[in-house]
Amino acid sequence: MEKPKVTALLADFACRVHFSELPAQVISKTKQLLLDCLGNQVGAYGEVAADMLYNALGVSEVRGESTVVGFGNRTTPLLAGCMNGMLAHLLDMDDAHRDSLTKTGSAITPAVLAVAESRLCNGRQVIEAAVAGYEVMIRLGLAVNPAHRTRGFHSTATLGAFGAAVAAGRLLDLAPERVVDALGIAGTQSAGLAAFINNASMTKPFNVAKGVHSGVLAA
């Protein structure tokens, strides 16, 4: 079966992002956004919702190479990405892209750092993956919003699965055709409702946590 053209174009783009071709302004901004997300994660450590998810997932019992921010232990990239996604979005101070209606960093950075740490990737690889993930997630948001949001979906979560898949796929050295597959697998998991807007709950950061988990799992 022929691959969808748009998905193939996104995958090809993601695999062609190279540090040497990135403008200095993009590199500097990416570093700033990575640090901003880490700051949000550190600030959210100790929040009840994060503790609940940590215990429910049994994170302390699963050993791996990726650090859970604040908690300090290392677990699998899947669990670390999920936990750090929860922490990144919990304070609701994470970076936002207005027109795409996404808080992009809380989906991309946890996926990037969890996979990069497990793969012993260098700083240039981290920046390449983050840029690819940001670009794809934002472009998807520009394509589907505001209609996607007004239908009741939480864009940072639903689209975050795709961005995280691209970023993780880049760090896993997936070929473009495998990134296409990862995007499809992310799509079948994509979820997150914006019902928290009118009915306060802890599902808002949980949605993003699951988006990161889905993207990393897809890759």
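Filter the chain for me: DSSP H helices, axial length by Cα at least 27 angstrom, mean Kyte-Doolittle hydropathy not below -0.5. List them by residue number. Provide the component values of the computation, followed by the final result.
Working: long enough: 24-44 (30 Å, 0.31); 123-144 (32 Å, 0.93).
Length and hydropathy pass: 24-44, 123-144.
Which shape class applies to the range 163-219: rounded if a/c is under 1.5, otherwise prolate when a/b exceeds b/c and oblate if not, where a ≥ b ≥ c are the square roots of the Cα gyration tensor eigenvalues? Because a/c hits 1.5 or more and a/b exceeds b/c, the range 163-219 counts as prolate. Which value, in debye to the nearest 20, gives the size of the charge dipole of the range 32-147 about its Cα centre, when Lys and Arg are +1 and Asp and Glu are -1 at the Cβ? It comes to approximately 240 debye.
Using a cut-off of 12 Å between beta-carbons, work out the net charge of the residues near ASP94 (Lys and Arg +1, Asp and Glu -1, ASP94 not included). Around ASP94, the surrounding residues sum to -1.
I need the shape label for the chain. Rule: rounded when a/c is under 1.5, else prolate if a/b > b/c, else oblate, with a, b, c from the alpha carbon gyration tensor.
On the way: a/c = 1.45, a/b = 1.16, b/c = 1.25.
It is rounded, given that a/c, with a ≥ b ≥ c, falls under 1.5.
Express in % the proportion of alpha carbon pairs of the range 28-155 at distances exceeding 27 Å.
Tail of the P(r) past 27 Å holds 19 percent of the pairs.
Which order do peptides 43-56, 102-115 fall in by mean Cβ count within 10 Å, highest first?
In decreasing order of mean packing, 43-56, 102-115 become 102-115, 43-56.
Report summary: the helix-based calculation at 222 nm, which adds -39500 (n - 2.57) for every DSSP H run with n ≥ 4 and divides by the residues of the chain, gives -21000 deg cm²/dmol. Per-residue packing, averaged as other Cβ atoms within 10 Å, sorts the ranges 152-160, 119-127 into the order 152-160, 119-127, beginning with the highest.
Rolling a 1.4 angstrom probe over the range 81-152 with all protein chains present gives an accessible area of which 53% lies on carbon and sulfur atoms.
The values are calculated or read from the model by the stated rules, or taken from the named source; none is laboratory data. Remember, it's a predicted structure, so these values are computed and weren't measured experimentally. FYI the Cβ positions are ideal-geometry reconstructions off the backbone, even for glycines, and counts take in every protein chain you see. When the accessible area is computed, the model is the full protein with side chains, heavy atoms only, and any ligands, DNA or RNA have been set aside. Shrake-Rupley method; radii C 1.70, N 1.55, O 1.52, S 1.80 Å.
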